[in-house]
Amino acid sequence: MNAPAHPAQVLAGSVAAGPVLAVDGLSRAFSGSKVLDGLSFVVPAGQATALIGANGSGKSTLLKCLIRLGGEPDAGRIQMLGCDVRALPPRDLRRFRARVGMVWQRHNLVPRLSALSNVTHGVQARLSGPRSWFQALAPAEVRAEAMACLDRVGLADRAMARVDGLSGGQQQRVAIARMLMQRPEFILADEPDASLDPQTGQEVMALLLGLVRQDGLSLLVISHRLEHTLAFSDRILGLAQGRIALDLPTAQANEPGLRRFFDHGVAA
Ligand SMILES: Nc1ncnc2c1ncn2[C@@H]1O[C@H](COP(=O)(O)OP(=O)(O)O)[C@@H](O)[C@H]1O
Ligand SMILES: [Mg+2]
């Protein structure tokens, strides 16, 4: 297949060498209770890595720690996209975050605006500098890029539709298109399929995997469905008791071995 004319393409080669993320000894506690207990792992560039773990095992906490959202980790080293994340001063941290695309279960789109307007706003995340940078961009170029991003998620024909008139799956696609406006190099996704029906959830997972396969992006995705984990990842990391209790290529995984990471509150 020919490379699609998409903004993410520009960055496809930039993360090819070495891991996109290396975490060493990461710890995070809430009121004295350790959620992440000195865990270490590596995420290879250009792959889809699934993070699994029972409810409350700390998956979301881990993902937020990686970009220093929701408070600082207590200990550990985070090397992402060539940056020592914990050492970044606030201004550099904002710039760094612009290179990381986040996809959440709840997407915070503006419901009364069109899909295209919502996606256009994604450019602001990329331009974390002074406002004048944003104003210096030609509106026609921003609009064309937003249309390309909507096209990438299969929604070019819904560009002018109000977001509150779209289905849940379409809204998640708009959120992904908005994230692509950032021209991210690495995508972190926290249960992007959680509030969708199985079929639609599967389509969203396939779309994210397509960004890895066709656009050369790297992905770390929290998955709460065993079948999605097996179908849409290259590698699996299993979180239990604050540590990485499983780390293997998906091709070597099997259902019985993974099941304990999907059961409620079961310890490793
Ligand atoms: N901001 C917070 N304050 C206090 N406890 C928290 C906070 N965030 C998460 N926790 C606790 O950390 C544990 C892991 O939560 P979370 O990372 O959301 O798990 P998961 O995403 O795997 O379901 C839970 O026990 C949760 O109650
Ligand atoms: Mg969670």
Quick one: what are the phi-derived ³J(HN,Hα) couplings along region 112-119, Karplus 6.51/-1.76/1.60 with θ = phi - 60°, whole Hz, x for glycine and proline?
7, 8, 5, 4, 4, 4, 4, 5
Checked the chain against the a/c 1.5 cut and the a/b vs b/c comparison, axes a ≥ b ≥ c from its Cα gyration tensor; verdict prolate
Residues whose placed amide H lies under 5 Å from that of Ile236, excluding near-sequence neighbours:
Ala50, Leu248, Thr250
Under 14 Å from the Cβ of Gly238, count the other residues' Cβ atoms, weight Lys and Arg +1, Asp and Glu -1, and hand me the total.
+2
Sequence-distant or interchain residues sharing an amide H contact under 5 Å with Val20, placed H: which?
Val43, Ala45
Lys, Arg +1 and Asp, Glu -1 on Cβ, resulting dipole of the chain about Cα centre, debye, nearest 20
740
Once the other residues with Cβ under 14 Å from the Cβ of Pro89 are scored (Lys, Arg +1; Asp, Glu -1), what is the net sum?
+3
Comparing Asp164, Asp190, Asp37, which has the greatest mean-square fluctuation in the GNM of the chain with Cα pairs linked when under 10 Å apart?
Asp164
Local net charge near Leu66, Cβ-Cβ under 13 Å (Lys/Arg +1, Asp/Glu -1)
+4
Residue of Gly238, Gly165, Gly122 that the Gaussian network model of the chain assigns the largest fluctuation, springs spanning Cα pairs under 10 Å
Gly165
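Where a number appears in this text, it was derived from the coordinates with a stated rule and is not lab data. Since the structure is predicted, the reported quantities are computational estimates derived from the model, not experimental observations. Using ideal geometry, Cβ is built from the backbone for each residue, glycine included, and neighbour counts are taken over all protein chains shown.
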